[in-house]
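Single-structure report; data block below.
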């Protein structure tokens, strides 16, 4: 039962992070959930000292990362700076602790002279194995989206808010199933490394893929559903920032309507980057 409930909770968190506001549930589904959970049990009052201790702990029971790292890039060309940054991330004690045995820390990939930089949420199962962002199903779809812009994966730079896969309890087979959005503290720890990548690449504009990337890059700007901020230009340290849906949103809703929503945002990116836009491209998914 615990595994089933964990899987449901993880999926709901992932949907919320990607901008989904509601999920239809049938009467039969609700009845099944109630049967799994069972009758409610009144909570037993805790002793004052234990209550205070629980308030000091993070809600998810996981210890939060320590102080935010300070990144100072060495002098040199972009390649030398990126290599130094990669080594810095690899040596980060928090990153090393968070990455499970046999998995890899993930840093961005692509052209260090890219005009457009895409920023996602965090590594998933495929990414932590290969040590590269967006190599799973969502990454394959992102490649197609970039191809629709008449660009290739090597023409842009692709990074993530996070350098490790946010952890969930392992199943009986010792494998993590599903993903969860990173905590604010986890994002705060990794953001300096993302900022350093942005400083090295120096892209003309940024594209945030999904709610978690948008929240990380927009900082203190609060919003509810992703629709409140997507499709509009924002600012990140003086750079134009476009917010759109994560490619996984299309994987869950593979309709021309959802594809068109993201494509309209990418058309704005192409125009802002002074890329040629053909009439054929303007008509995609209509």
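Would you mind putting 185-194, 147-156 in packing order, based on average other-beta-carbon counts within 10 Å, highest first?
185-194, 147-156
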> Once a ≥ b ≥ c are taken as the square roots of the eigenvalues of the Cα gyration tensor of region 204-270, is the result rounded (a/c under 1.5), prolate (a/b larger than b/c) or oblate (a/b not larger than b/c)?
Replying inline: oblate
>> Going by average Cβ density within 10 Å per residue, which order do the peptides 129-142, 157-170, 87-100 take, highest to lowest?
In response: 157-170, 129-142, 87-100
> In nm², what is the average projected area of the convex hull enclosing the Cα atoms of region 78-282?
Replying inline: 11.5
>> Normalised radius of gyration for region 59-162, please: alpha carbon Rg relative to 2.2 N^0.38 Å, two decimal places.
In response: 1.18
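A short reminder: the numbers here are calculations on the coordinates, not readings from a lab. Keep in mind that this is a model prediction, so the values were computed, not measured. Ideal geometry is used to build each Cβ from the backbone, glycine not excepted, and the neighbour counts take in all protein chains shown.
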